[in-house]
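The values are calculated or read from the model by the stated rules, or taken from the named source; none is laboratory data. As the structure is a computational prediction, the values presented were derived from the model and not from experiment. Methodologically, a virtual Cβ is constructed for each residue, glycine included, from the backbone with ideal geometry; neighbour enumeration extends over all protein chains shown.
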Amino acid sequence: MEQARPLPKYLVQRYQGWKATTFADNKVWYKRLAEEGQRPHSMVISCCDSRIHVTSIFGADSGEFFIHRNIANLVPPYEPTGDRHGTSAALEYAITSLNIAHVIVMGHSNCGGVAGCHAMCSGNAPELDKASSFVGRWMDILRPGFERLDEKHDHDQQIMALEKEAVKISLENLMTFPFVVKAIEGDKLMLHGLWADISAGELHEYIPEENDFRPI
Ligand SMILES: [Zn+2]
């Protein structure tokens, strides 16, 4: 593959810094992780957004979180169609092979994917409506959330509500996977919904009884 090039210098320097400090200080831990395999307690499904730093928020070490990221932290419905379902594959592996105890769906404020979905569903983003738009077709998962928005709310309120709908719809879709339902019924798995407010550093948790989110 001729297009592969050496890493830019600043990344090489950062890596060397990590190797000389974090890795050097925790050599035994890394050796153990390599020899014993991973045993993460939680899976996090978060947005690709670079501002959502899952391991930093939870002060996590290597080996603790099985993390899957995609645009707008969406879980598609269970569709065993033989196609290339990356999110469903990660979920299947986490639950049936790693026996994860918690699946945490983490949405966030200022989500570009959700804003794009809002624009698309409002008829303001024709490029996302095209069959060839990977983002648009992925964001179709969130269309039912757009239908549930309150028309009386202003644009910003609707965007925030849709970010939270992305979490709720993912939680709903998780329950369409037979292995998720089975693990929950066997008391082996719990689902959690979070929405992170980037500027306030707050995490809001979904409360099913209230069908709403509350700060932790
Ligand atoms: Zn996002």
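Got at least one residue in region 67-81 being within 16 Å of the chain's Cα centre (by Cα), among the small types (Gly, Ala, Ser) and either at positive phi or modelled with pLDDT of 95 or more (or both)? Looking through region 67-81, at least one residue is within 16 Å of the chain's Cα centre (by Cα), among the small types (Gly, Ala, Ser) and either at positive phi or modelled with pLDDT of 95 or more (or both).
Can you find a residue that is surrounded by 19 or more Cβ atoms within 10 Å (Cβ to Cβ), farther than 15 Å from residue 45 by Cβ and of a type in the set (Ser, Thr, Tyr) anywhere in region 104-111? Yes: region 104-111 contains one or more residues that are surrounded by 19 or more Cβ atoms within 10 Å (Cβ to Cβ), farther than 15 Å from residue 45 by Cβ and of a type in the set (Ser, Thr, Tyr). State whether one or more residues within region 16-31 are in contact (Cβ under 8 Å) with a residue 12 or more places away in the chain and not in a loop (DSSP other than H, G, I, E, B). Checked region 16-31: at least one residue is in contact (Cβ under 8 Å) with a residue 12 or more places away in the chain and not in a loop (DSSP other than H, G, I, E, B). Does residue 169 count as in contact (Cβ under 8 Å) with a residue 40 or more places away in the chain, among the β-branched types (Val, Ile, Thr) and closer than 17 Å to residue 107 by Cβ? Judged against the criteria, residue 169 is a match.
One line per residue, one yes/no per condition, for (1) within 16 Å of the ligand (Cβ to nearest atom); (2) over 13 Å from the mean Cα position of the chain (by Cα):
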| residue | (1), (2) |
| --- | --- |
| 58 | no, yes |
| 64 | no, yes |
| 87 | yes, no |
| 93 | no, yes |
| 118 | yes, yes |
| 122 | no, yes |
| 137 | no, yes |
| 147 | no, yes |
| 154 | no, yes |
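Scanning region 61-106 for residues that are in a loop (DSSP other than H, G, I, E, B) and touching a residue at least 40 places away in the same chain (Cβ under 8 Å) yields 74, 75, 76, 77, 78, 98, 99, 100, 101.
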